[in-house]
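Below: one structure, written as structure tokens.
The values are calculated or read from the model by the stated rules, or taken from the named source; none is laboratory data. None of the values given here were measured: they were computed from a predicted structure. Positions of Cβ are generated from backbone atoms using ideal geometry, with glycine treated the same way; all protein chains shown enter the neighbour counts. Quick note on the areas: whole protein, heavy atoms, side chains included, nothing else; ligands and nucleic acids left out. Shrake-Rupley method; radii C 1.70, N 1.55, O 1.52, S 1.80 Å.
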Amino acid sequence: MSTRRHTALPKAQILVEALPWLTRHQGKTVVIKFGGNAMIDEELKAAFAQDIVFLHHAGLKPVVVHGGGPQISKALDRHGIVSEFKAGLRVTTEDAMDVVRMVLAGGVQRELVGLLNRHGPLAVGLTGEDAHTITATKHQPRIEGELVDIGRVGEITEINTGAIEALLADGRIPVVSSIARSQDDHHVYNVNADTAAAALAAALDAETLMVLTDVEGLYEDWPNSDEVISRLTATELEKLLPDLASGMVPKMEGCLHAVRNGVNTARVIDGRVQHSILLEIFTDEGIGTMVVPDAQTQGES
């Protein structure tokens with residue numbers, strides 16, 4: 001008996017360490033952007049689903065937002081459509097948009113909803129088109145001072161949280177595909193999932209935005225150093241933005257938008273680490289990079 005107690009003790013210690021974080025996050029909305037390797041690796045996908053269900057049962061209100069870059073690229077290849085990127089965004093022709101919609105709403109979302117629902121009747125999938133959740137207009141990035149047409153890529157103009165809030169009130173886990181209805185016509189837009197997650201986090205008054213990536217966090221001086229910045233303020237992040245790698249820009253811009261619009265913390269975490277979400281929310285150390293509003297210099301990690 002004494003041996004059994006001894007071997008179980010670390011589990012008890014882990015639960016006790018989680019207690020203050022469980023208390024702090026009780027009833028709070030957490031928006032999680034699902035992406036990177038966690039979307040492809042089967043073990044990481046299963047661990048992600050377990051983490052989200054754990055958050056739900058621990059009294060938090062998780063909302064999952066996903067894109068599907070690798071899956072879209074594969075599907076476009078199968079349809080003989082060339083993948084092209086400008087300013088870090090996928091050029092989305094009308095034909096490509098049909099494939100994007102099919103992959104996100106009919107593929108990635110269905111799989112994720114299925115993984116979550118292995119644990120109970122929890123997850124409900126929707127896209128930004130549903131109940132006018134995400135509205136967008138045509139986005140034209142500037143490249144070397146010139147506006148560039150990249151097709152049906154949207155810039156978010158409005159968020160309607162009614163459907164998501166109704167699902168949360170009903171004890172469900174919303175899983176949102178980053179497709180938006182058009183403000184101007186009857187088409188739909190492909191919206192960057194990092195941007196969509198940040199906009200939803202702000203509109204939902206979320207406690208936290210978490211963005212899964214394929215890196216450990218924001219590096220201090222990449223490529224000269226792999227030292228990760230564990231915490232920085234909105235203003236500090238804003239100064240770093242012009243020098244970031246293009247893939248990190250929408251993620252960090254999303255974090256900046258979130259904390260400047262009422263979200264208490266925005267975190268970029270390594271989705272290649274199993275249960276990284278639980279490590280970030282429920283342990284003293286945390287992992288990844290956390291962005292806080294300018295006024296917040298001490299507090300949670």
Positive-end extreme of charge dipole, the chain - chosen from 169, 295, 69 (charges on Cβ): 169
The range 35-76 versus the range 174-196: alpha-carbon centroid distance in Å: 18
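After finding the eigenvalues of the alpha carbon gyration tensor for the chain, what semi-axes result from the square roots of 5 times each, listed largest first in whole Å?
32, 23, 19
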Longest exposed-site-free window of the chain, the sites being GluC sites (Glu not before Pro) in a DSSP loop that have at most 15 other C-beta atoms within 10 Å: 1-83
Sum of side-chain charges, residue 163 neighbourhood, beta-carbon under 12 Å (Lys, Arg +1; Asp, Glu -1): -3
Amide H contacts of residue 157 (H built 1.01 Å from N, under 5 Å, at least 5 apart or other chain): 135, 136, 137
Filter on 61/239; 61/251; 138/251 - keep pairs with C-alpha separation over 24 Å: 61/239
Overall Cα dimensions of the range 201-255, principal axis frame, Å, largest first: 38, 22, 20
Carbon plus sulfur fraction of accessible area for the range 92-205, probe 1.4 Å, in percent: 46
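Take the Cα atoms of the range 163-213, build their convex hull, and give its volume per residue in Å³.
102
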Whole-Å semi-axes of the ellipsoid equivalent to the range 139-277 (Cα gyration tensor, √5λ, descending): 26, 22, 13
Heavy-atom accessible area per residue - the chain, 1.4 Å, Å²: 47
Nonlocal amide H pairs with residue 128, under 5 Å, H built at 1.01 Å: 177, 179
Dipole in debye (nearest 20) - the chain, about Cα centre, beta carbon charges: Lys, Arg +1; Asp, Glu -1: 1080
Residue-wise HN-Hα coupling along the range 156-172, computed from phi with Karplus coefficients 6.51, -1.76, 1.60 (Hz; x: Gly, Pro): 5, 10, 7, 10, 10, 8, x, 5, 5, 5, 5, 5, 5, 5, 8, x, 9
Per-selection Kirkwood Rh - the range 94-163 (Cα, Å, 1 d.p.): 14.3
Backbone HN-Hα couplings from phi across the range 22-28 [Karplus 6.51/-1.76/1.60, Hz, Gly and Pro as x]: 4, 5, 5, 8, 3, x, 8
Overall Cα dimensions of the range 225-283, principal axis frame, Å, largest first: 31, 31, 17
Table column - 3J(HN,Hα) (Hz), the range 95-110, Karplus curve with 6.51, -1.76, 1.60, x for Gly and Pro: 5, 5, 4, 4, 5, 4, 4, 5, 5, 5, 7, x, x, 4, 4, 4
Largest-first ellipsoid semi-axes for the range 1-123, taking √(5λ) over the Cα gyration tensor eigenvalues, angstrom: 39, 16, 13
The chain, relative contact order [Cα under 8 Å, separation at least 6], %: 21
